1. Pick out the one residue from Asp31, Asp99 that is touching a strand residue (DSSP E or B) at 6+ places or on another chain (Cβ under 9 Å), in the same structural domain as Ala144 (by TED's automatic domain parsing), modelled with pLDDT under 95 and among the charged types (D, E, K, R).
2. When you check Asp121 against the structure, is it of a type in the set (Asp, Glu) and either touching a strand residue (DSSP E or B) at 6+ places or on another chain (Cβ under 8 Å) or within 24 Å of Asp87 (Cβ to Cβ) (or both), yes or no?
3. What strands (runs of 3 or more DSSP E) completely inside segment 327-403 contain at least 3 residues that are more than 30 Å from the chain's Cα centre (by Cα) and among the aliphatic types (A, V, I, L, M)?
4. In this structure, does Leu289 turn out to be of a type outside the set (Ser, Thr, Tyr) and modelled with pLDDT of 95 or more?
5. Among the residues of segment 375-386, which ones are surrounded by fewer than 11 Cβ atoms within 10 Å (Cβ to Cβ) and touching a residue at least 24 places away in the same chain (Cβ under 8 Å)?
6. Touching a strand residue (DSSP E or B) at 6+ places or on another chain (Cβ under 9 Å), surrounded by 15 or more Cβ atoms within 10 Å (Cβ to Cβ) and modelled with pLDDT of 95 or more, is that true of Asp160?
7. Among residues belonging to segment 167-198 that are modelled with pLDDT under 85 and in contact with an Asp or Glu (Cβ under 7 Å, 6 or more places away or on another chain), point out the one that is nearest to Trp94 (Cα to Cα).
8. Among Glu351, Glu361, which is the only one that is more than 12 Å from Leu330 (Cα to Cα) and of a type in the set (D, E, K, R)?
Amino acid sequence: MSTRPRTILAGLTVVVVTVVLVVLLTGGGEDGKGKVVRGEAGYPLRGPLAGDEGAIAGAVSAWRHAKARSDEAASRDSTQRYRPGPDDDVAALWAGKTDETHDVAMLESDGYVAEATRFRDGDWRLSGQTWIGRLDTAGVPIGAGDSVLVPARGQWRYVDASRYSGGLEDAGDGLFTGGGTGSAGFLVPTVDSRSIDDSISIYVAGVGARSLDRASFARLEKALASGSARAVYMAIDEGERDFAEQREATPQRQDSHMPEALSIVWTGGLPGHPHAAVVAQGRSPAQNLALGYAERADDRSTGDRRDESSVLLGSGSKGLAGSNREGTVLGGAYLRIDDFPYLVLAGTGVETLHAIAGDRELSRPGPVAIVDTRAFADADDPPDTIVYGRAANGDVVAPLGPG
């Protein structure tokens, strides 16, 4: 018997398999031209299932065909309504098993990153997505759902700042996962991961990416090492809630693809609370200043005692038109600590902090002042107060809007 028919059959088998793989990787069958791309600049396709085209195709299909959330919260958040169309390319960034029960895939399309999950006996499903903007930098971690993918360059470590639950775990190949809604902490780079300019990106679990200059990054590392991780996180989270309100009021802010700027203004202690922090976030005109205090993350409270809190010190633009000073953010707010009223003043680029509270005028050195106001303020009804700062040359520094 001739071997020619067998040769032809074998050739046809190869062709069929190739066609199937092409269909899987290009989204064929959806009447569109959208392709599945293996990775993006700075984020090559990684993970134990990086070579499994069928798994990747299933994850992509789950995102394309997932039902958009229709609840009230999602209706206000356009990031939850996006689905890649048949003509949209999707980049597969990570795919693999993260534990004994399920697989995870991280995908990107048109400025959105998505997490898809698959349990061993089920199909892929969309489990979360986030707007990140253009993937035009290799130095920014990206997250969606319960997972965060770090760039391929350098090494990263996770510092836990959660109160009751565990944080992200290293699944290998650049993926940190398992945080859930209660996670709180920081993915910070080693020296090898840092950008060559003055900007260093980190990822704050449950919040998103942030960009710091080298001086603030050094202050952050010191704060994390000293047990102030939870306090810093509380301040950042307070500012992020303010940003969420600003984004809802002005959806065009979503067009930005840069991580919010973050500056560690101060770390120290409050009366009865040794771990506190003030952080400034954002870029004009969307900026804020916030304070947080908390116990160490590894000394979590098991009772009902409120041993942590945060307060917004200022938000929005600075002062009157023409009064803005580059590199300055200033604000103040009253804070109740153990049922006693304190006035917190804070600012960057200021020599002194000032407040007119009722009939009192106060002056303190910057960058932060914690003023016991029991002599002239009621914890439940503080007096009308104006805050401002002065630069080293005596110029007045206007505050942000009220928090």
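1. Asp99
2. Answer is no for this residue.
3. Values: elements: 329-337, 340-348, 352-357, 360-365, 368-372, 385-390.
Answer list for segment 327-403: 352-357.
4. yes
5. Within segment 375-386, the first condition is being surrounded by fewer than 11 Cβ atoms within 10 Å (Cβ to Cβ), and the residues that meet it are 375, 380-381, 384.
Selection gives Asp384 alone.
6. no
7. The extreme case among them is Gly178.
8. Glu361
The values are calculated or read from the model by the stated rules, or taken from the named source; none is laboratory data. Keep in mind the model is a prediction, meaning the values are calculated, not measured. Every residue, glycine among them, receives a Cβ derived from its backbone with ideal geometry; neighbour counts consider all protein chains shown.
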